[in-house]
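Undergrad: This structure is in structure tokens; I'll ask about it shortly.
The values are calculated or read from the model by the stated rules, or taken from the named source; none is laboratory data. Because the structure is a prediction, the values reported are computed rather than measured. Please note: Cβ atoms are built from the backbone with ideal geometry, for glycine as well, and neighbour counts cover all protein chains shown.
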Amino acid sequence: MRIITGTAKGLKLKAPRGRDVRPTSDRVKESLFAILADRIRGAAVADFFAGTGNLGLEALSRGAAAAVFVDASPASNALIRDNADRARLAEKAELLRKDALAAAGHFARSGRTFDIIFCDPPYNKGLVAAILEKIDAGKLLKPGGVVIIEHSRHEPLPAGLVNLTISRTERYGETLLTFLEHTT
């Protein structure tokens, strides 16, 4: 796993051993960022279930203005901090050691919004619907913004979202990337 392009191009990111964290593969990440293209530059980014910081750090390397990394695990937060320091992106990285659902509620109460929100929850745990419902209800996405959720093809998206509309889905084996746009 590495930073693909930008100011930290080629940097190998540290990842934990074991199966507790499942970083987005380079192949899927390359496709994701090719789709986002020019939306990255200057964006305010949130990376929910951040794990290693892989997606948020790629966004920062490509010119995002700032990224908030949300993960409840102390080990993941230490890993993200180390990866951000090594990528020389720490000044643009904010770490929030909090459950993603609680963090979404916190952002909603404070009125904080984002241009791009990455979500990569553990597969098949019911977290896909839960986090999308929180993002939708909390109006965390700016007009013109996009949420990208990486999920198993076996886990359904929630019905009845009010502020988010599915705009695109890409499949990579068992993995789906679903893009949801802010409804204007």
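Rundown of residues vs (1) part of a strand (DSSP E or B); (2) surrounded by 14 or more Cβ atoms within 10 Å (Cβ to Cβ), yes/no style:
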residue: Glu133; (1), (2): no, yes
residue: Asp136; (1), (2): no, yes
residue: Pro143; (1), (2): yes, no
residue: Val146; (1), (2): yes, yes
residue: Glu150; (1), (2): yes, yes
residue: Pro156; (1), (2): no, no
residue: Ala159; (1), (2): no, no
residue: Glu170; (1), (2): yes, yes
residue: Leu177; (1), (2): yes, yes
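Undergrad: Does at least one position in the range 152-163 carry a residue that is under 16 Å from the mean Cα position of the chain (by Cα) and in contact (Cβ under 8 Å) with a residue 60 or more places away in the chain? Show your work before the answer.
TA: Of the range 152-163, the ones under 16 Å from the mean Cα position of the chain (by Cα) are 152.
Keeping just the survivors that are in contact (Cβ under 8 Å) with a residue 60 or more places away in the chain gives none.
No - not one qualifying residue is present in the range 152-163.
Undergrad: Related question: Quick one: is Ile80 part of a strand (DSSP E or B), of a type in the set (A, V, I, L, M, F, W, C) and surrounded by 16 or more Cβ atoms within 10 Å (Cβ to Cβ)?
TA: Judged against the criteria, Ile80 is not a match.
Undergrad: While we're here: Kindly check whether there is at least one residue in the range 113-131 that is without any contact (Cβ under 8 Å) to a residue 60 or more places away in the chain and either within 21 Å of Ala44 (Cα to Cα) or among the acidic types (Asp, Glu) (or both).
TA: no
Undergrad: For Ala102, state whether it is more than 20 Å from Ser167 (Cβ to Cβ), assigned to a loop (DSSP other than H, G, I, E, B), of a type in the set (A, V, I, L, M, F, W, C) and free of Cβ contacts under 8 Å to residues at least 40 places away in the same chain.
TA: Criteria not met by Ala102.
Undergrad: Out of Ala66, Ala59, Ala44, Ala100, I need the residue that is closer than 19 Å to Val128 by Cβ and modelled with pLDDT of 95 or more. Which one?
TA: Working: Ala66 fails: closer than 19 Å to Val128 by Cβ; Ala59 fails: closer than 19 Å to Val128 by Cβ; Ala44 fails: closer than 19 Å to Val128 by Cβ.
Going through Ala66, Ala59, Ala44, Ala100 in turn, just one is closer than 19 Å to Val128 by Cβ and modelled with pLDDT of 95 or more: Ala100.
Undergrad: Further question: How many residues, within the range 41-76, are assigned to a loop (DSSP other than H, G, I, E, B) and either over 14 Å from the mean Cα position of the chain (by Cα) or not acidic (Asp, Glu) (or both)? Working first, answer last.
TA: Residues of the range 41-76 that are assigned to a loop (DSSP other than H, G, I, E, B), as a first pass: 41-43, 49-53, 62-65, 71-73.
If we keep only those that are either over 14 Å from the mean Cα position of the chain (by Cα) or not acidic (Asp, Glu) (or both) as well, we get 41-43, 49-53, 62-65, 72-73.
Of the residues in the range 41-76, 14 are assigned to a loop (DSSP other than H, G, I, E, B) and either over 14 Å from the mean Cα position of the chain (by Cα) or not acidic (Asp, Glu) (or both).
Undergrad: Of all residues in the range 104-160, which are among the aromatic types (Phe, Trp, Tyr) and touching a helix residue (DSSP H, G or I) at 6+ places or on another chain (Cβ under 9 Å)?
TA: Taking the range 104-160 and keeping what is among the aromatic types (Phe, Trp, Tyr), we get 107, 114, 118, 123.
Selection gives Phe107, Phe114, Phe118.
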